[in-house]
Amino acid sequence: MRAIVVADSETDPFDYKTIPSPFIWGVYDGEDYYQFYDTREFVEFVSREKWIIYAHNGGKFDWHFILEHIAPWSQLMVINGRLSKFTIGECEFRDSYNILPVPLSAYKKDDFDYSRMQKGERDKPHNKEAIEKYLKNDCVYLHELISQFVNDYGLQLTLAGAALKQWEKIEKQKPPTTTRNFYGELSPFYYGGRVECFKTGLIETPFKVIDINSAYPSAMMENHPYGETCVSSESLPPTKAETQRAFITLECIAAGCFPFRAKNGLSFPHDNEKRIYTVTGWEFVAAIKNKAITKVKILDVITFPEKINFSSYVNHFFKMKNVAKTAKDTAGYIFAKLFLNSLYGKFGSNPQKYQEYMKVNYKHIEAASVVDDYIYCADMGNGALVSKPLSEEKHRYYNLAVAASITGYVRAQMFDSISQCKGVIYCDTDSIACEDTGSLELDPAKLGAWDIEAECVRGAVAGKKLYAFEMVGGEYKTASKGVRLTPAEIIQVAKGEEVTYRPIAPTFSINRETQFIPRKVKRVDAAN
């Protein structure tokens with residue numbers, strides 16, 4: 001196996017446009033540390049080594065500085081817009097974020113004032129020394145984390161792939177296989193989590209934020225539909241358990257209980273309009289319990305004779321998480337928590353969305369298209385990135401029924417819990433902000449129960465994933481997806497004002513030119 005090595009780079013986020021590359025690279029192989037002030041020297045050094053070299057978030061930052069050094073006709077792997085794997089010479093480059101999708105600070109990270117890297121500051125001896133120390137420590141910390149992951153779970157490219165391997169090992173069975181047609185038939189029932197603003201603007205009354213203890217692992221403990229054989233009917237199953245594992249197409253008037261794909265994204269209609277919904281049995285049973293649907297007409301019911309649960313897998317990693325927490329094993333705790341939440345999604349992966357990528361010279365774009373059906377998709381350093389759909393023989397479908405049922409269970413639990421709460425303000429997948437938790441079971445130690453995450457004195461909601469909740473004591477719990485706003489700025493937006501967000505660091509993307517993208521942020525009022 002190739003040696004595991006890590007690299008990191010530092011550049012001036014305030015003066016990015018005036019410098020062509022990071023002004024310092026650090027490389028650590030577990031014993032020796034190397035430092036480079038020239039990107040070409042860094043590439044020439046590592047390209048001679050048979051290493052697998054990781055950078056955390058490298059696919060959206062560090063590796064973008066070495067694109068011109070990737071040879072023409074090189075194959076690359078891109079995952080969700082992230083440059084995930086490629087080679088230069090003997091060296092293979094990877095993004096460690098694919099196996100550890102958490103900030104490095106979750107493990108170890110030194111405090112650092114980035115203003116020290118500004119032009120005119122970074123060359124001062126004391127700042128230069130601080131930058132070098134910070135960079136080296138980042139490399140050492142990442143090497144510790146990656147090495148332990150590889151030792152424990154093998155050389156996996158993605159966390160989801162590693163989770164599937166662990167499930168195979170624990171259950172002593174191979175993962176299921178289905179077909180493209182099977183995926184297409186079940187895909188209407190596969191949705192994400194529930195994110196909804198029930199109130200927007202300023203919240204002046206005290207409220208609580210509660211969340212589910214391991215929502216998806218808890219859902220995985222239940223029995224879910226499995227196998228490739230299914231039966232279609234116009235009648236509901238005879239038992240509640242069988243109904244919960246079914247997939248139901250129905251026409252009805254729904255009061256906020258069912259997901260619906262609209263032009264502006266996923267919504268949960270709560271009006272008097274009759275619609276056709278495709279839902280899991282978990283959501284249907286929760287809707288019936290809370291008397292949330294009327295004028296119901298069942299159109300189709302899909303059931304599976306086989307069932308499966310993931311109790312052994314969940315218990316294994318839940319125990320590991322608790323042991324690691326007690327032993328203050330930060331890496332073990334991170335791994336266990338990630339594995340608990342990463343398996344179910346693999347069952348729902350769609351290879352039709354995957355692409356094969358290659359770098360070519362600009363003059364060879366047409367040849368790549370004529371010979372092998374590649375099409376241009378982006379500039380890449382001194383060349384072009386071309387892509388084509390993953391060939392059919394490489395497609396691997398697992399079992400979408402499993403993933404759809406698990407996510408449906410969590411949405412059903414959310415709706416049932418929202419129905420019991422009073423003064424609901426906001427919800428996001430596995431958490432609720434409300435004035436009163438009603439009859440909900442609150443137990444911080446129980447898997448799947450609710451726990452109080454924060455007691456808040458006031459708050460501001462400006463839209464989905466955009467809020468600032470002031471907690472008792474004066475600190476804020478915030479969310480501002482896609483932008484980095486202060487609590488004061490979020491409050492401004494919640495009041496109806498417009499705030500312009502100007503990032504201090506550039507936005508990197510495999511599909512467009514690296515750039516600073518200012519964004520005007522406005523309040524999006526609650527739909528219901």
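The table below lists the values:
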| read-out | value |
| --- | --- |
| Matching residues, the range 230-256, being out of contact with any Phe, Trp or Tyr (no Cβ under 8 Å at 6 or more places or on another chain), within 15 Å of residue 408 (Cα to Cα) and among the charged types (D, E, K, R) | 242 |
| Selected residue (only one of 523, 458 is among the basic types (Lys, Arg) and modelled with pLDDT of 95 or more) | 458 |
| Count of residues meeting criterion [at pLDDT 95 or above and open to solvent by 30 Å² or more (accessible area, probe 1.4 Å)] in the range 13-28 | 1 |
| Checking residue 39 against (1) surrounded by 22 or more Cβ atoms within 10 Å (Cβ to Cβ); (2) in contact with a Ser or Thr (Cβ under 8 Å, 6 or more places away or on another chain); (3) among the hydroxyl-bearing types (Ser, Thr, Tyr), the condition it does not meet | (1) |
| Enumeration of residues in the range 408-431 that are among the charged types (D, E, K, R), closer than 23 Å to residue 246 by Cβ and either open to solvent by less than 10 Å² (accessible area, probe 1.4 Å) or within 20 Å of the chain's Cα centre (by Cα) (or both) | 411 |
| Pairs with Cβ under 6 Å, 6+ apart, first in the range 361-387 and touching a residue at least 60 places away in the same chain (Cβ under 8 Å) and within 16 Å of residue 68 (Cβ to Cβ), second open to solvent by less than 90 Å² (accessible area, probe 1.4 Å) and part of a helix (DSSP H, G or I) | 380/67; 381/67 |
| Index of the failed condition, residue 186 passing every other in (1) more than 19 Å from the chain's Cα centre (by Cα); (2) under 23 Å from residue 28 (Cβ atoms) | (2) |
| Candidates 384, 368, filtered to the one that is at pLDDT below 95, assigned to a helix (DSSP H, G or I), surrounded by 15 or more Cβ atoms within 10 Å (Cβ to Cβ) and not aromatic (Phe, Trp, Tyr) | 368 |
| Filter result for residue 214 (crowded, with 21+ Cβ neighbours inside 10 Å and at pLDDT below 95) | yes |
| Count of the range 283-297 residues which are more than 23 Å from residue 221 (Cβ to Cβ) and open to solvent by 40 Å² or more (accessible area, probe 1.4 Å) | 5 |
| Qualifying position, being under 24 Å from the mean Cα position of the chain (by Cα) and acidic (Asp, Glu), among 306, 283 | 283 |
| Leading residue by the ranking (nearest to residue 336 (Cα to Cα)) among those in the range 102-120 that are surrounded by 17 or more Cβ atoms within 10 Å (Cβ to Cβ) and not aliphatic (A, V, I, L, M) | 107 |
| Selection count, the range 241-279, where residues are of a type outside the set (Gly, Ala, Ser) and touching a His at 6+ places or on another chain (Cβ under 8 Å) | 1 |
| Total residues in the range 442-479, condition assigned to a strand (DSSP E or B), of a type in the set (Gly, Ala, Ser) and farther than 23 Å from residue 214 by Cα | 5 |
| Single unsatisfied condition, residue 135 versus (1) surrounded by 17 or more Cβ atoms within 10 Å (Cβ to Cβ); (2) at pLDDT 95 or above; (3) out of contact with any helix residue (DSSP H, G or I) (no Cβ under 8 Å at 6 or more places or on another chain) | (2) |
| Qualifying position, being farther than 24 Å from residue 147 by Cβ, modelled with pLDDT of 95 or more and surrounded by 17 or more Cβ atoms within 10 Å (Cβ to Cβ), among 99, 70 | 70 |
| Residue that is least open to solvent (accessible area, probe 1.4 Å), among those in the range 172-211 that are among the charged types (D, E, K, R) and more than 30 Å from residue 432 (Cα to Cα) | 185 |
| The lone exception for residue 449 - which of (1) modelled with pLDDT of 95 or more; (2) open to solvent by less than 20 Å² (accessible area, probe 1.4 Å); (3) not acidic (Asp, Glu) it fails | (1) |
| Residue 483 vs. criteria at pLDDT below 95 and over 30 Å from residue 320 (Cβ atoms) | yes |
| Qualifying residues in the range 225-282 (those that are of a type in the set (Gly, Ala, Ser), closer than 19 Å to residue 427 by Cβ and assigned to a strand (DSSP E or B)) - the one least open to solvent (accessible area, probe 1.4 Å) | 254 |
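The rows are residues; the columns are (1) surrounded by 20 or more Cβ atoms within 10 Å (Cβ to Cβ); (2) modelled with pLDDT under 95; (3) touching a Pro at 6+ places or on another chain (Cβ under 9 Å).
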| position | (1), (2), (3) |
| --- | --- |
| 306 | no, no, yes |
| 309 | no, no, no |
| 315 | no, no, no |
| 325 | no, yes, no |
| 329 | no, yes, no |
| 345 | no, yes, no |
| 359 | yes, no, yes |
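This table checks each residue for (1) touching a residue at least 12 places away in the same chain (Cβ under 8 Å); (2) under 30 Å from residue 352 (Cα atoms); (3) touching a Phe, Trp or Tyr at 6+ places or on another chain (Cβ under 6 Å).
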| site | (1), (2), (3) |
| --- | --- |
| 27 | yes, no, yes |
| 47 | yes, no, no |
| 55 | yes, yes, no |
| 76 | yes, yes, yes |
| 81 | yes, yes, no |
| 94 | yes, yes, yes |
| 97 | yes, yes, no |
| 109 | yes, no, no |
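The values are calculated or read from the model by the stated rules, or taken from the named source; none is laboratory data. If you're wondering where the values come from, they're calculated on a predicted model, not measured in any experiment. Quick reminder, even Gly has a Cβ in these numbers, built from the backbone with ideal geometry, and neighbours come from all protein chains shown. Accessible surface areas use protein heavy atoms only, side chains included; no ligands, DNA or RNA. Shrake-Rupley method; radii C 1.70, N 1.55, O 1.52, S 1.80 Å.
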